[in-house]
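In what follows, a single structure is set out as structure tokens and then discussed.
The values are calculated or read from the model by the stated rules, or taken from the named source; none is laboratory data. It should be emphasised that the depicted structure is a prediction, and the values quoted were computed from it without experimental measurement. So basically every Cβ, Gly included, is an ideal-geometry build from the backbone, and we count neighbours across all protein chains shown. Just so you know, the surface numbers come from the protein's heavy atoms only, side chains and all, with ligands and any DNA or RNA stripped out. Shrake-Rupley method; radii C 1.70, N 1.55, O 1.52, S 1.80 Å.
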Amino acid sequence: MAPVALRGLAVLTMGMLGLSWPLLAHAAGQEAKPPRLVQAPHYGDVVFHFFQEDYFTATTTLMASQHFQRIAPHDDEAEVLRGGMLLSYGLHRDAGDIFTRLIERGASPAVRDRAWFYLARIRYQVGELALAQEALSQIQGTLQAPLDEDRSLLQAQLLMARADYKGAAQVLQTMTGKTPAARVARFNLGVAQIKAGDTATGTATLDALGQEPVDNDEQRALRDRANVALGFAALAAQQAPAARQYLERVTLHGPESNKALLAYGWAALDQHAPQSALVPWLALTARDGQDSASLEARIAVPYAYAQLGASGQALQHYTAAIDSFERERLSLNQSIELIRSGQLVDSLLTRNPQGHMGEGWQMDDLPDLPHPAHLSSLLATHPFQEAFKNLRDLRHLAQHLQAWRDKIDIFKDMLATRRQAFADRLAQVNARTSAQSIQALQQRVDAASAQVAQGEVDQDGVVFADVRQQALLDRVARVQAITQAPDDDPDIVQARERIRLAAGVLNWQLAQEQPVRLWEAQKALRAMNEGLAEAQRRDAAIALAMREEPQRFDQFDDRIQALVPLLDVMIPKVAALSAEQQTVVQDMAVAELTRQKENLDAYTVQARFAVAQLYDRATEGGKPTSDGQTGTQAGSSKDQKGAADAPKP
């Protein structure tokens, strides 16, 4: 069963960020905590990609935003997030450097405690147990769920690694509740108690876990594993009735069912009931599995028949087992050849498309090989998953590098287009600025300012006369000049009086409108000054762009040119590493199949020896063998009973 305590990067880093806790807390049966507010939009973009499980985009976006200092006030949280994502890619050293820097620069207590936890986790994964314990002891506060549970599981694993099972049991006893981590803790607790010598208490702990109601497949698998561990422990203690009781609880078609069926048969045989042993063993052989339990059942069945005295059926099943072992050998050889040709990796990648790099990806389909079940147990192991994850990441990185290499020419074309567009627009701007210069605008503003200043001094309003009023003023002035000559002509006197009245009315109108027109003129002057300032700013910006934009184009061109040799070096290097990692993955698969071939050889030898004994017995007239039996018991898992290893956090 996959380790339950390792919930993946997404859940763990949610604890680092303190984000989206209402759903998590509700799922864990804990009090919901308010979500954290993201204050920086660029950091919100990173968190969005992170919760979409697009960790590569989240990492690159975060690093770019950090370069331009766009993350504040989330700088420390962003570093913790980046460290967690780097950790998901297996970059333990880089992630450890990040957490160490956070601790050294005095981050907030909550961030510092999370950094210590992840530093302890990194050290545990690379085998530095003493340093991992030292880092774990530096945590002063309580971590947010689920990190606090993972902290306890990690502490227990460190104690168990030092064979301090009693201390590990004390830590695990504090983890109560119904969360997945708490269930794993109880399984580990039972194992630790048994290894500490408290067999009765450990058995009771596993027994309680083995009878709990379950809600999902993960809980059911853990319950089955507890019952299988109890069954094998009881077999080792020569307690066949108890072993059968425990094994009867195991789900008939679960991941532990094959081992349970095999052990149940041996328990029945220990009670001298070979007929009862045949029931689970025949069911197991009917499954046509390639795991060790199914293979062992093929020679256990004829052994049971021999115990019943049915030599003919025993011989028939031994012969069938030998034939099946030979077929399995041919299948294994064929699979090994296909693995060496690269079909295993290609098939796994095709049948399990990779959406992104890092954690969060899982293998759902077996490879398209003649007998993929041969590799089912290997594919479920952590070493193979980690090796294949590294291969996926290298393939993904190679695709990214090649995509960027293909974009270089596009970037060059884009840069050339921008250069030409800048040159065209610059010519247009220069033409407009030459037609209406800043100096001319300044002169117009100065003239308007002088007019307003004069209007503020002269209250008669003549300065602000409009075109019609100015024409009337000029006309009145001309007429007054004509009528100023001394003349007693009544018509001249009457005209002079009329002109005087008209001038008075016009001056009165101008004086009445002067305050309003003064305010409008001042308002227009302010707008003109603002427009002039804007024009000056734009003119300065244009001048700056004329100086700096060509330099920016040159800088972009230099960066593009610098990327070409870098990509040309990295692409073949990643390709070489990918080929090397593929060889590692294929060697692991070949080693597993070779081990299975060796098991088949052992089973075949045992089956042939049993057949020879049956023939000897028939030749000698049915005399029993020296051990008082009519056949030989094949080497089996019955001789290797014991509690299963605890899952690691």
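Below is a table of values for the structure above.
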| item | result |
| --- | --- |
| Of Gly504, Leu532, Met570, farthest towards positive along the dipole that unit charges on Lys, Arg, Asp, Glu beta carbons give the range 503-575 | Gly504 |
| Globularity index of the range 135-281, i.e. its alpha-carbon radius of gyration over 2.2 N^0.38 Å | 1.17 |
| With DNA, RNA and ligands ignored, accessible area of Val493 (1.4 Å probe; Å², nearest 10) | 70 Å² |
| Extension gain, Leu532 back to Ala163 (0.36 nm per residue minus Cα-Cα distance, nm) | 124.6 nm |
| Residues of the range 266-330: accessible area per residue with a 1.4 Å probe, Å² | 40 Å² |
| Per residue, in Å², the accessible surface of the range 62-104 once ligands and nucleic acids are set aside, probe 1.4 Å | 46 Å² |
| Whole-number accessible area per residue in Å² for the range 112-221, which is evaluated in the context of all protein chains at 1.4 Å | 43 Å² |
| Gain in span if fully extended, Asp554 to Arg478, counting 0.36 nm per residue against the direct Cα distance | 20.4 nm |
| Debye intensity ratio in log₁₀ form over the Cα atoms of the range 525-576, taken at each q of 0.12 Å⁻¹ | -0.53 |
| Computed Rg/Rh of the range 64-114, alpha carbon atoms with Kirkwood Rh | 0.96 |
| Two-decimal Rg/Rh across the range 456-576, once Rg and the Kirkwood Rh are taken from alpha-carbon atoms | 1.65 |
| Length gained when the stretch Val279-Ala511 is fully extended (0.36 nm per residue, less Cα-Cα span) | 71.5 nm |
| Formal net charge of residues neighbouring Asn529 (Cβ-Cβ distance under 14 Å; K, R +1; D, E -1) | +1 |
| Cα gyration tensor category, rounded, prolate or oblate, for the range 560-620 with a/c compared to 1.5 | prolate |
| Probe 1.4 Å - accessible area at Thr350, Å² to nearest ten | 100 Å² |
| Charge tally in the Cβ shell below 14 Å around Thr57, where Lys, Arg are +1 and Asp, Glu are -1, Thr57 excluded | -2 |
| For Arg186, net neighbour charge (Lys/Arg +1, Asp/Glu -1) across residues whose Cβ lies under 13 Å away | +1 |
